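**Q** Mind having a look at this structure? Questions to follow.
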Amino acid sequence: MAIAYLALGANLGDPVATVNAAFAAISRLPDSELQARSALYRTAPVGIAEQPEFINAAARIKTALAPEALLDALLAIEQDFGRIRSLRNGPRTLDLDVLLYGDLTLDTPRLQLPHPRLHLRAFVLQPLADVVPAADFPLPGRGTLAAWLPAVANQGIVRL
């Protein structure tokens, strides 16, 4: 069993309800246990500014699913919520990402671990801080979560 950390985000429809429902769907993943969920956060969009604000969150799960099997399961949840991948950084009904999978480093065409941009985004780091065991939690190859939080503090994130 591995500990994995996930990012959740949505900005179409009722994103608060969607993210809460996504937590429920994650809790039903096979061979997995939802161990912690973050608060919900409202954040400005990244990339394409002309779209609704996002609701973001993070989850910690314990799973026997291999990393790419976990990714497949998350993509299936996205599809269940009507996700259509048409525009990078565009609006979406639901976005689920694997941020970390134990201390595994992986670089395949489908999945990079740790997530290559997790240290740059308040909408990932702040919710992640809610579900990690300590402020000195390591971000492999990047230092600690606590060291990166001040660098993203000006990105306009509001805890709901």
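The values are calculated or read from the model by the stated rules, or taken from the named source; none is laboratory data. Please read all numbers here as calculations on a predicted model, not as lab measurements. In this analysis, Cβ positions are derived from the backbone assuming ideal geometry, glycine residues included, and neighbour counts consider all displayed protein chains. For the accessible areas, the whole protein counts, side chains as well, though only heavy atoms, and no ligand, DNA or RNA atoms are used. Shrake-Rupley method; radii C 1.70, N 1.55, O 1.52, S 1.80 Å.
**Q** So what is the relative contact order for the range 1-112, in percent, with contacts set as C-alpha pairs under 8 Å and at least six apart? Intermediate results must be reported in sequence, preceding the final value.
**A** On the way: 202 pairs, mean separation 45.0, N = 112.
After rounding, I find 40 percent.
**Q** Give, as a single signed number, the net charge of other residues whose beta carbon lies under 11 Å from the beta carbon of ASN11, with Lys and Arg counted +1 and Asp and Glu -1.
**A** On the way: positive: ARG42, ARG92; negative: ASP14, GLU53, ASP95.
With Lys, Arg at +1 and Asp, Glu at -1, the neighbours total -1.
**Q** Where does the chain land at 222 nm, in deg cm²/dmol rounded to the nearest 500, when only DSSP H runs of n ≥ 4 count, each adding -39500 (n - 2.57), divided by all residues? Could the numbers behind the result be given before it?
**A** Numbers: 4 runs with 41 residues, N = 160.
Calculated at 222 nm, the ellipticity per residue is -7500 deg cm²/dmol.
**Q** A further question on this structure: Please work out the average accessible area per residue across the range 1-147, using the 1.4 Å probe convention, and give it in Å².
**A** Values: 6840 Å² over 147 residues.
Averaged over the residues of the range 1-147, the accessible area is 46 Å².
**Q** Could you please state how large a percent of the accessible area of the chain is carbon and sulfur, counting protein chains only and using a 1.4 Å probe?
**A** Numbers: 4200 of 7820 Å².
Result for the chain: 54 percent of the exposed heavy-atom area is carbon or sulfur.
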